[in-house]
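The values are calculated or read from the model by the stated rules, or taken from the named source; none is laboratory data. As the structure is a computational prediction, the values presented were derived from the model and not from experiment. We place every Cβ from the backbone using ideal geometry, glycine too, and count neighbours over all the protein chains shown. With ligands, DNA and RNA removed, areas are computed over all heavy atoms of the protein, side chains included. Shrake-Rupley method; radii C 1.70, N 1.55, O 1.52, S 1.80 Å.
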Amino acid sequence: VEKPSLKIADWRYVEQVVSESQGKIVVVDLWSTSCPPCLREFPDLVALQDQNPVEVVCVSFNCDYFGGKNYPPEYYRAPVEKFLTEQKAYMTNIINNVPAEELFPMLDLASMPATYVYDRQGKLVKRFDNERREYGKEGYTYKRDVIPLVEGLLRTAAPKQ
């Protein structure tokens, strides 16, 4: 089985992917192997990428690294890679290398899961998160919330080159 690519990087790398993907819709999913709702929704992220290989760029941003010095980001590669391989997640996969306690305040985010959707111009259209309970106690889902938004954005014309 071919292993999905997996890079260790920070949020600036995500921003770089967004800026290099002008003309496409970018979906960035922040997840962790210890977050049940993240794992439940992950197959729908993969399906979204598989169904839109040209016009959508999906990025999985794994946040297992919490900054413990005995557990560097590299420590998480094997379990994360195993999960990505099982999910057939052939997309841009990143293990975040900034401790969660620094990352989340920087993003003004309390917890995962969170999904960022950027339009063809690289502008953030919406961040899905479960902070204000606007999606009920189960939280947002790809099928009900993320995918319809992406489909709407896909109907907007690509910018003229």
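Based on DSSP loop calls and a cut-off of at most 11 other Cβ atoms within 10 Å, the longest stretch of the chain free of exposed trypsin sites (Lys or Arg not before Pro) is what?
1-68
Regarding region 1-131, what whole-number volume in Å³ per residue does the convex hull of its Cα atoms give?
100 Å³
Using a Förster distance of 30 Å, how high is the FRET efficiency between Arg77 and Glu151, based on the Cβ-Cβ distance and rounded to 0.05?
0.35
Could you state, as a whole-number percent, how many of the C-alpha pairs of region 80-123 are farther apart than 18 Å?
Result: 50 percent of Cα pairs exceed 18 Å.
With every protein chain present, what is the per residue accessible area of the chain (1.4 Å probe, Å²)?
53 Å²
Just how much of Cys35 is accessible, in Å², when a 1.4 Å probe is used and the result is rounded to the nearest 10?
Result for Cys35: roughly 10 Å² accessible.
Leaving out ligands, DNA and RNA, and with a 1.4 Å probe, what % of the accessible surface on the chain is carbon or sulfur?
The value for the chain is 52 percent carbon and sulfur by accessible area.
To the nearest 20 debye, what charge dipole does the chain have about its Cα centre, counting +1 at the Cβ of each Lys and Arg and -1 at the Cβ of each Asp and Glu?
280 debye
Before rounding to the nearest 500, sum -39500 (n - 2.57) across all DSSP H runs of length at least 4 in the chain and divide by the residue total; then give [θ] at 222 nm in deg cm²/dmol.
Mean residue ellipticity at 222 nm (helix-derived): -9500 deg cm²/dmol.
In straight Cα distance, which lysines are under 23 Å from Lys143, not counting same-chain residues fewer than 8 positions off?
Once the sequence-local lysines are set aside, what remains near Lys143 is Lys24, Lys88, Lys123, Lys126.
In the chain, which helices (entire DSSP H runs) extend 30 Å or more along their own long axis, judged by Cα positions, while averaging at least 1.6 on the Kyte-Doolittle scale?
none
How many nm is it between the label spots at Lys7 and Glu102, if each spot is 7 Å from the Cα in line with the beta carbon?
Inter-label distance under the simple model: 1.9 nm.
Check the chain for me: any Cys whose beta-carbon has no other cysteine beta-carbon within less than 4.7 Å?
Cys58, Cys63
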